[in-house]
Amino acid sequence: MSLLRLHLGSSTPFFFNHTYSPPHHTTLLSLLLTTTTTTNFYKTTFSRKRPSVTASNSQSTSSSSSSSNILDQNHDLLTRVSSAKDANEALQIIQDSTQLNNGVVTASDCLSIITAAIRRNNTDLALSIFSAMRSTFHQDGTLMMDTWIWSRPDVNVYTSLILGLAQSLRVSDALNIVHLICRVHVSPGEEVPFGNVVQCPTCLIAIAVAQPQQGIQIASCANCRYKYEVVSGDIISIDSEEISMDVPAWQRGLRFLQIRKQSIPAAVHSIVVQTPSGMARTHKFATETVDLPAQEGERVTIACAAPLNVYKQVGPFKFSPKAPNFYHGEPMCLTNHKDGRASPLLRAPAKDGNGPLLNPSILFPLLAVLATGDAASGAIDPSLPQLLPVAVAASFVGGFTLNTLILPQLSQLPQKSVDVIAIKQQLLSQYDVLQSRIKDLKETTEKEVWMLARMCQLENKIFAVGEPSYRARRSRVQRVRESLQKSLEGRIELILSFAKISSMIEIEVEMDSDVLAAEAVSNVESFAEQIQQIMELENLEEKWKLQAEANDEAERLLSSQTPYTEQL
């Protein structure tokens, strides 16, 4: 089997080639720390030569003949394809010209067609081809297929399309392409996303992934070695109230001296979160500002302290692996899936505004008991009143040490149990950093797309005026436009590289969690099928036993009646 390679054209894009020098150490850390370089492994230059249209043909003689005939008319074929209405019509033109029923239009020819279509103001065809390319997952041109297909888009296609749409003043379409390149390896119309990364409320590192179908899960942190309850769902109701608290001067002094770091709440919120399974749960918390961390109808994930039913068994004792100074199930952090923002949560203040020891109903009786004890002990022994304050202070110091040092260490998970998830959390942390870098690059790219469109619009105005005095200004605008094009090329390439590494991390995480879960479910189902088959065999064996006993009984009756018949 021979391959027929057809070149539709060698037209170059309308932007200037601009590449970046790769670093010497192509590690993930260097990739995360640099903003102007990419690795050699993911580097794709614009001058790279690719095969054009690859088609399969069983006869080598006809392949060479067709190749020479079409290469002579490659410019005409490119003109006819770039004038098509959509991607299907373009494939039909290619099929009619090559007289072959199947083949792959490679990325090089896709770039030529998209560039020519944008030059002819046929942006609808360019967008249609781009959508068809993102829907293709067959890269091997030697496979026998029933029809012609497009190749997957590469960095040249993305860059050419974004710059062409911006120059054509199709800014909304260009921004949509910028949004798509952030998830380059996801097909259009995809409904199974990777999920949102959830951070540890204490360590602020990624610990879990909240997938769309998940509601409540228990996550462990390998750094602080505590467990957290992660609740994901949609907000069906929210009730907020702004509060004003008068902070005493001594509390302000403690905060100024960094002795007391507790924040002052500005608003109290009560929300009801409904999980995908239909269960609803109420969470009440406070925030430092009056801004709402999420609105009704949005999907959120709330990280709470470990509940009561989660504990660590140490001999006869049970210790709750929750973060210290938090109640069981207390909300600690809220992540909004819409914008990915994580908001720390505070404990909702009590209605009376005072702690239990500052409550007059507790404070005054306690002072009365201490004073009465001092008076009674002084009457018995004058040295006893001096021992009571020492005993009270020692009890407070012992309780403080127990609650802040001993119990938190006993509540922590064993180091060996969290070593298994440490690698996964490290990957999720790198994934979180990559997504943050992609987000920053995306925002900067969107601004530059708008500026490039502005420069093109300004150049069109200057050209429409037609005054010779505007030649110098037009040259200045062209220089600025070229500079923006080069900057956009570099940023798009960085986004694609980061998106590719993010996809690799997603694969590793899902292979470690989702694939294992699917295998476990399949194993359970196979076990259930085996048990069912065994039960059916046992039932069948029981039926055969009953049938055999019935047959034996019938033979016994027949044998008992035979002598009586012979006597008659």
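Criterion applied to Ile264, Ile271, Ile259 was being of a type outside the set (Lys, Arg), at pLDDT 60 or above and over 31 Å from the mean Cα position of the chain (by Cα), and the one residue passing it is Ile264.
You will find that of Asp173, Asp109, the residue that is among the charged types (D, E, K, R), in contact with a helix residue (DSSP H, G or I) (Cβ under 9 Å, 6 or more places away or on another chain) and modelled with pLDDT under 90 is Asp109 and no other. Across the stretch 87-128, the number of residues qualifying as buried (at least 16 other Cβ atoms within 10 Å of the Cβ), outside any helix (DSSP H, G or I) and of a type outside the set (Gly, Ala, Ser) comes to 6.
In the stretch 274-328, which residue that is of a type in the set (Asp, Glu) and at pLDDT below 90 is surrounded by the most Cβ atoms within 10 Å (Cβ to Cβ)?
Glu288
Residues that are at pLDDT below 90 and hydroxyl-bearing (Ser, Thr, Tyr) within the stretch 141-159 comprise Thr142, Thr147, Ser151, listed in sequence order. Checked against (1) open to solvent by 60 Å² or more (accessible area, probe 1.4 Å); (2) at pLDDT below 90; (3) not in a strand (DSSP E or B), Glu241 meets all criteria but (3).
Among the candidates Ile505, Ile495, the residue that is at pLDDT 70 or above and under 30 Å from Gln167 (Cβ atoms) is uniquely Ile495. Could you list, in sequence order, all residues of the stretch 157-172 that are open to solvent by less than 40 Å² (accessible area, probe 1.4 Å) and of a type in the set (A, V, I, L, M, F, W, C)? Result: Val157, Leu161, Ile162, Leu163, Leu165, Ala166, Val171.
In a residue-by-residue description of the stretch 470-487, the property of being surrounded by fewer than 18 Cβ atoms within 10 Å (Cβ to Cβ), over 30 Å from Tyr226 (Cα atoms), acidic (Asp, Glu) and in contact with a Phe, Trp or Tyr (Cβ under 9 Å, 6 or more places away or on another chain) applies to at least one position. In the stretch 129-140, the residue that is surrounded by the fewest Cβ atoms within 10 Å (Cβ to Cβ) out of those that are within 27 Å of the chain's Cα centre (by Cα) and modelled with pLDDT under 85 is Phe137. Summed over the stretch 196-208, the residues that are out of contact with any helix residue (DSSP H, G or I) (no Cβ under 7 Å at 6 or more places or on another chain) and open to solvent by 20 Å² or more (accessible area, probe 1.4 Å) give a count of 6.
Quick grid of which residues meet (1) open to solvent by 50 Å² or more (accessible area, probe 1.4 Å); (2) assigned to a helix (DSSP H, G or I); (3) out of contact with any Asp or Glu (no Cβ under 8 Å at 6 or more places or on another chain); (4) modelled with pLDDT of 85 or more:
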residue: Ala375; (1), (2), (3), (4): yes, yes, yes, no
residue: Gly378; (1), (2), (3), (4): no, yes, yes, no
residue: Phe396; (1), (2), (3), (4): yes, yes, yes, no
residue: Leu407; (1), (2), (3), (4): yes, yes, yes, no
residue: Gln426; (1), (2), (3), (4): yes, yes, yes, yes
residue: Ile438; (1), (2), (3), (4): no, yes, yes, yes
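For the stretch 213-240, what are the residues that are polar (S, T, N, Q) and farther than 15 Å from His283 by Cα?
Matches in the stretch 213-240: Gln213, Gln214, Gln217, Ser220, Asn223.
Considering the stretch 302-348 alone, what residues qualify as being aliphatic (A, V, I, L, M), assigned to a loop (DSSP other than H, G, I, E, B) and farther than 15 Å from His269 by Cβ? Those that are aliphatic (A, V, I, L, M), assigned to a loop (DSSP other than H, G, I, E, B) and farther than 15 Å from His269 by Cβ: Ala306, Leu308, Val310, Ala323. Filtered by the rule that a residue be open to solvent by 50 Å² or more (accessible area, probe 1.4 Å) and among the aliphatic types (A, V, I, L, M), the stretch 441-468 gives Met451, Leu458, Ala464, Val465. So, in the stretch 214-230, of the ones that are out of contact with any helix residue (DSSP H, G or I) (no Cβ under 8 Å at 6 or more places or on another chain) and more than 21 Å from Tyr431 (Cα to Cα), which residue ends up most open to solvent (accessible area, probe 1.4 Å)? Out of the qualifying residues, it is Ile216. Look at the stretch 434-448: where a residue is over 18 Å from Arg170 (Cα atoms) and free of Cβ contacts under 8 Å to residues at least 40 places away in the same chain and a partner is among the hydroxyl-bearing types (Ser, Thr, Tyr) and open to solvent by 60 Å² or more (accessible area, probe 1.4 Å), sitting 6+ places away or on another chain with Cβ atoms under 9 Å, you get Asp440/Thr35.
The values are calculated or read from the model by the stated rules, or taken from the named source; none is laboratory data. Remember, predicted model here, so these are calculated numbers, not experimental data. Quick reminder, even Gly has a Cβ in these numbers, built from the backbone with ideal geometry, and neighbours come from all protein chains shown. Only protein heavy atoms, including side chains, enter the accessible area calculation; ligands, DNA and RNA are left aside. Shrake-Rupley method; radii C 1.70, N 1.55, O 1.52, S 1.80 Å.
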